[in-house]
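Take a look at the structure set out below.
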Amino acid sequence: MTGASGPPPSPAALPPAIDIRDLHKYFGDLQVLKGIDFEVALREVVCVIGPSGSGKSTLLRCVNRLEEPTSGQILIEGEDICAPHVDLDRIRTRIGMVFQQFNLFPHLNVLGNLTIAQRKVLGRSKPAAQAKAREVLAKVGLLDKIDEYPGRLSGGQQQRVAIARALAMDPDMMLFDEATSALDPELVGEVLAVMRSLAEEGMTMMVVTHEMGFARKVADRVVFMDGGVVVEEGAPAALLDEPTHERTRRFLRMVHER
Amino acid sequence: MERRTRIRLTRYAIYAATILVVGFVAVRADWGSLQEAFLDPEIFAEQFWDILTIAAKNTLIYTLLGYTLGLVWGLVLALMRLSTITPYRWFATTYIEIFRGIPLLLTLLIIGYGLPIALNGTKVPGTYGPGAVALGVVAAAYLAETIRAGIEAVPRGQMEAARSLGMSYGRAMATIVIPQAFRIIVPPLTNELVLLIKDTSLVSVLGTTQLTEELTKFARDNASSTFNSTPYIAAALVYLCLTVPLTRLSATLEKRGKRGNR
């Protein structure tokens, strides 16, 4: 996989992939994010865990401004995406996003799903877009489904196509919003395997998940959120085995008991 | 037991009364003159060619012009209603309320006769122009609501996925949301088409010429010139030939849609 970023001239000078400063988000009167400071370094894999309603999905959706932050700053590779005249569409092409509900385009087949944004947004030629589509489909192991419509694929296959669709844009980083939560248990593994191989290739990833096993094995850092704040963060083993906060302990106990 | 007997007796009474009434009408009616007035084969044969090549053709022309205009303008209105820009929303809402709230006949008169007076004789060009524009202006109001419902029925995640791939709002609408919306609303769109076919009958108030008259005007003119009602029945049959296949098609599509084609 060829990253779009290329070899960095001087690694020390490179800004973090995602840099969030004092982020607040209200839905009406409800405060969902209460001052988040958060960073993801280049090539880092960060898993965000926490109970439902903790604001972790909202935080993720703020990163590409699917949710409008109420206040605070979000820098993507050093660029403020909330600045007045920022070209948001251009920045979004650098941020791949995978949704809980897959959100494949049902009126297009797999090839169409993978090429439409390459053609219309990146302006790639048809052969170039199709070659790219084949390359990323092979990566997620679904090259044989290239002519199928999403409705005829299993949930796990749909999610792998959705990952391929995001990868086809050659993004610098990937966001995963509970990518396995809508899947039947026996289909979770194939999607996690694809995510793991991406991480091993050095993709920058921010992963909101309930899969503690994945967080432990793949993440460089795990962040625990509750009630709209980051409660604690650290290396996977440290945070998952010896959490310092009572709230983290309580959450992990609930998760493990299942 | 007693209740069931009473229900049965009531039913027999209704049957008997129905048979009596139908029988009385059948015996007393003058079938010969009825047939002559409504189903004169000579008049049928005489008008057969004109009704297809002039009347039915003009009905179709008015329908297609009105529907096309209605779809395009209706799509614009639907997007305005969904816009985040408040004046657009107000304009579209007001437009839709007005043209759904007043009779089509009145809109036809205003566009056909009112506008030329107000604009010193400038009128909508073309022999079909004024009628087709009036039909389109009103159809747009109804179609806008249908299209808006279709767009709102497409899951929000579709727009979000398209935007997260870097598509602009307009491009995401045009390539992802609207194609799906139109699939959802094919049955109601077909119904609107049927309604429009029938509504073309009102265009005759604009005084169409012999070459631009549609089915209803054609029937009226020929009924009065032949002192016979056969042209009405002939026109009715042509309308049915146009509308029934469409309503059947719409029912089939609706059934297929309910089964779920995802």
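Over the range B:42-261, how many pairs of lysines fall under 25 Å by alpha carbon, counting only those 8 or more apart in sequence or from different chains? It would help to have the intermediate numbers written out before the result.
Working: B:57/B:123; B:57/B:198; B:57/B:217; B:123/B:198; B:123/B:217; B:198/B:217; B:198/B:255.
Lysine pairs, 8 or more places apart or on different chains, close enough: 7.
Given the -39500 (n - 2.57) contribution per DSSP H run of 4+ residues, what per-residue ellipticity at 222 nm results for chain A, rounded to the nearest 500 deg cm²/dmol?
-10500 deg cm²/dmol
Work from the charge dipole of the range B:42-261 (Cβ charges, +1 for Lys and Arg, -1 for Asp and Glu, about the Cα centre) and give the residue of B:239, B:75, B:134 farthest towards its positive end.
Sorting the options by dipole projection puts first B:75.
So if I place +1 on the C-beta of Lys and Arg and -1 on the C-beta of Asp and Glu, and nothing else carries charge, what would the dipole magnitude of the protein assembly as shown be about its Cα centre? I want it in debye, nearest 20. Intermediate values should be presented prior to the final figure.
On the way: 55 positive and 52 negative charges, 235 e Å.
Here the size comes out at about 1120 debye.
For every other residue with a beta carbon closer than 10 angstrom to the beta carbon of residue A:94, add +1 if it is Lys or Arg and -1 if Asp or Glu, then tell me the sum.
Numbers: positive: A:90, A:92; negative: A:77, A:79, A:170, A:172.
Summing Lys and Arg as +1 and Asp and Glu as -1 gives -2.
Relative to the present Cα-Cα distance, how much length would full extension add between residue B:211 and residue B:94 at 0.36 nm per residue of separation?
Working: separation 117, 0.36 × 117 = 42.12 nm, distance 3.67 nm.
Working it through step by step, the gained length comes to 38.5 nm.
Along the charge dipole of the range B:42-261, Cβ charges K/R +1 and D/E -1, which of B:223, B:197, B:251 sits furthest on the positive end?
B:251
Determine, for each peptide in A:161-172, A:232-243, B:154-165, the mean count of other beta carbons within 10 angstrom over its residues, then list the peptides with the highest first. Numbers along the way, then the final one.
Details: A:161-172: 24.0, A:232-243: 16.1, B:154-165: 20.8.
Ranked from most to least packed, the peptides come out as A:161-172, B:154-165, A:232-243.
Three principal axis extents, largest first, for the C-alpha atoms of the protein assembly as shown, in Å?
The principal-axis extents, from largest down, are 100, 79, 49 Å.
Extending each Cα 7 Å along its Cβ direction at residue B:115 and residue B:46, get the distance between those two points in nm, one decimal.
Distance between the two pseudo-spin positions: 3.8 nm.
Springs between alpha-carbon pairs under 10 angstrom, Gaussian network model over chain B: which of B:74, B:23, B:126 fluctuates most?
B:23
Projecting each Cα onto the charge dipole of the protein assembly as shown (Lys/Arg +1, Asp/Glu -1 at the beta carbon, about the Cα centre), which of A:251, A:158, B:187 comes out farthest on the positive side?
B:187
Using each residue's phi in the range B:87-92, evaluate 6.51 cos²θ - 1.76 cosθ + 1.60 at θ = phi - 60° and report the 3J(HN,Hα) Karplus result to the nearest Hz, with x for Gly and Pro.
x, 4, 4, 4, 4, 4
Mind listing the long-range amide H neighbours of residue A:221? Cut-off is under 5 Å, sequence gap 5 or more, other chains count too, H placed in the peptide plane at 1.01 Å from N.
Hits under the 5 Å cutoff: A:45, A:47.
Can you tell me the dipole magnitude for chain A around its Cα centre, using point charges on the Cβ only (Lys, Arg +1; Asp, Glu -1), in Debye to the nearest 20? Before the final figure, lay out the partial values.
Numbers: 30 positive and 35 negative charges, 147 e Å.
Here the size comes out at about 700 debye.
Enter the mean number of other protein chain beta carbons within 10 Å of the beta carbon of each residue in A:103-109, as an integer. Walk me through the numbers before you get to the answer.
On the way: counts 10, 3, 9, 9, 8, 4, 0.
Across A:103-109, the average partner-chain Cβ count within 10 Å equals 6.
Let me confirm one metric for peptide B:165-175, namely the mean number of other chain beta-carbon atoms within 10 Å of its residues' beta-carbons. Spell out each step's value before the answer.
Values: counts 19, 17, 7, 4, 1, 0, 5, 3, 0, 1, 8.
Across the residues of B:165-175, the mean count of other-chain Cβ atoms within 10 Å is 6.
Counting Lys and Arg as +1 and Asp and Glu as -1, what is the net charge of the other residues whose Cβ lies under 12 Å from the Cβ of residue B:138? Don't skip to the end; give the middle numbers.
Details: positive: B:100; negative: B:192, B:199.
Summing Lys/Arg as +1 and Asp/Glu as -1 gives -1.
Tell me the net charge near residue A:145. Cut-off is 11 Å between Cβ atoms, residue A:145 excluded, with +1 for each Lys or Arg and -1 for each Asp or Glu. Please list the in-between numbers first.
Numbers: positive: A:152, A:160; negative: A:144, A:147, A:148.
Here the count lands on -1.
Build a GNM of chain A with springs between Cα atoms under 10 Å: which of A:75, A:137, A:88 gets the top mean-square fluctuation?
Between A:75, A:137, A:88, it is A:88 that shows the largest mean-square fluctuation.
Roughly how many Å is it from the Cα centre of the range B:88-152 to that of the range A:148-226, as a whole number?
Taking the Cα centre of the range A:148-226 as reference, the centre of the range B:88-152 is 51 Å away.
Relative to the longest principal axis of chain A, what angle (0 to 90°, nearest 10) does the C-alpha long axis of helix A:155-167 take?
It works out to around 80 degrees.
None of the figures in this text is laboratory data; all of them are computed from the coordinates on show. Keep in mind it's a predicted model, so treat the numbers as computed, not measured. All Cβ positions, even for glycine, are placed from backbone atoms using ideal geometry, and neighbour counts span all protein chains on display.
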